[in-house]
Amino acid sequence: MHARMPVPALLAERSLAVALVLAAFAGLTQWIVWLNRDDPKTETYVGPPRSDYTLDRFTLTSFDERGAFAFTVEAPRLARHPWLGSFEIDGPAFRIRDAGGEDWRARSTRGHVSGDGKTLKLVDKVELDRPKSAGKAPVSIRSDELTAHVDASLVTSNSAVTIMQPGSILAGTGLDADLEQKRFSLKQRVTARYEPKPKR
């Protein structure tokens with residue numbers, strides 16, 4: 001003869017079993033939800049590439065493919081782009097030689113030199129000057145940005161430009177200048193002021 005379990009004990013045992021099953025099911029459900037959760041969105045910032053190298057208080061001289069002098073730049077700081085081979089320069093002072101052998105002086109707040117050394121970009125408070133030489137009057141160009149194509153002796157700009165020579169001041173927007181031929185072309189909103197030379 002088998003002893004029969006009291007009814008209250010039997011009910012308690014069944015309740016415990018049901019509770020364990022429900023707890024296991026709840027845990028399984030939470031685990032499935034955790035596996036299928038969306039990864040939290042994180043903001044990814046990709047900054048500029050680190051410089052290949054930097055120079056402080058330097059002088060750099062560049063030569064063209066024939067070995068002829070192209071330009072010299074002095075500045076407090078230079079940083080080289082690791083992929084493009086270009087240079088970003090703080091406070092550059094350039095000496096540029098045009099195809100006719102004349103030297104021009106250029107200054108700006110910031111400068112950029114292309115990887116091949118053929119293009120110079122000057123930005124903010126740009127000054128480009130050809131000093132007075134034998135038989136040639138000085139020329140001064142002022143702008144917020146200028147691009148010098150060293151190999152072609154050309155200077156261009158899309159900003160406001162002022163050109164000063166003895167006896168004249170030209171102003172306008174946009175510039176195409178051939179330094180070798182001494183031709184300066186302003187594109188828009190051109191104004192001119194001529195001052196007579198003082199009598200001796």
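The numbers here are math on the coordinates, done by the rules we state, and not lab data. Bear in mind the structure is a predicted one, so any value in this text is a computation, not a measurement.
Overview of results
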| quantity | calculated |
| --- | --- |
| The range 111-161: C-alpha gyration tensor shape, a/c 1.5 cut-off, then a/b vs b/c | oblate |
| Cα gyration tensor shape for the range 80-200, rounded if a/c is under 1.5, else prolate or oblate | prolate |
| Those aspartates and glutamates that a straight Cα-Cα span of less than 16 Å connects to Lys136, excepting residues fewer than 8 apart in one chain | Asp98, Glu102, Asp103, Asp178, Glu180 |
| Shape call, the range 81-138: gyration tensor on alpha carbons, a/c limit 1.5 | oblate |
